[in-house]
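*Asks:* Dropping the structure in here first, questions after.
The values are calculated or read from the model by the stated rules, or taken from the named source; none is laboratory data. These figures come from a predicted structure and were not determined experimentally. Backbone-built Cβ (ideal geometry, glycine too); neighbour counts: all protein chains shown.
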Amino acid sequence: PGQNSDEFGVTVSMADQTGPFDFHLTKKLVRLCKENDIRYQKDIFRYYRSDSASALEAGHDVRTALVTFGVDASHGYERIHSHALRSLSELISAYLTSAVEIDRDAQRVSAGLEGFTSQPVEAEAEQALSAESDEV
């Protein structure tokens, strides 16, 4: 009720309860569906909050979008049609092999893990972990 999801094809979400997803990325995903003959429908999830909202609220400068199989009342028993899963995998494959279209998105933003903090580990715990890995 109140959704446009379908058990067949990919559902491309335009927005969740926190607002719209990235216009350019969502538009690209819809275009990839059209170009690759992948059945899709657009939907708005008014009562759903995706994890991408947390990333944006934490200050990460990322584009977010949401694609899924047809779903209603998630986190319960789900029935998923294999057509929807196949369509979703086709869209993900098309996206991963597509060109980066926005120059800023192609720029490297970090130099790997250099500068990241690490947890202090007591010498005894470190030795215990080493001993366990030697036994395996």
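*Asks:* Here's a check for you: in the stretch 22-44, which residue that is hydrophobic (A, V, I, L, M, F, W, C) and farther than 21 Å from T97 by Cβ is surrounded by the fewest Cβ atoms within 10 Å (Cβ to Cβ)?
*Replies:* If we filter the stretch 22-44 for residues that are hydrophobic (A, V, I, L, M, F, W, C), which is where we start, we get 23, 25, 29-30, 32-33, 38, 44.
Checking the rest, the ones that are also farther than 21 Å from T97 by Cβ come to 23, 44.
Working: F23: 11, I44: 14.
Checking each candidate, the answer is F23.
*Asks:* Could you check the stretch 42-69 and list, in sequence order, the residues that are of a type in the set (D, E) and out of contact with any strand residue (DSSP E or B) (no Cβ under 7 Å at 6 or more places or on another chain)?
*Replies:* Those that are of a type in the set (D, E) and out of contact with any strand residue (DSSP E or B) (no Cβ under 7 Å at 6 or more places or on another chain): D51, E57, D61.
*Asks:* Take S89 and decide whether it is part of a loop (DSSP other than H, G, I, E, B), at pLDDT 65 or above and surrounded by 11 or more Cβ atoms within 10 Å (Cβ to Cβ).
*Replies:* Spelling it out, it is not the case that S89 is part of a loop (DSSP other than H, G, I, E, B), at pLDDT 65 or above and surrounded by 11 or more Cβ atoms within 10 Å (Cβ to Cβ).
*Asks:* Continuing with this model, one more query. Looking at the stretch 45-52, can you tell me whether even one residue there is surrounded by fewer than 15 Cβ atoms within 10 Å (Cβ to Cβ), modelled with pLDDT of 85 or more and among the hydrophobic types (A, V, I, L, M, F, W, C)?
*Replies:* No, every residue in the stretch 45-52 fails to be surrounded by fewer than 15 Cβ atoms within 10 Å (Cβ to Cβ), modelled with pLDDT of 85 or more and among the hydrophobic types (A, V, I, L, M, F, W, C).
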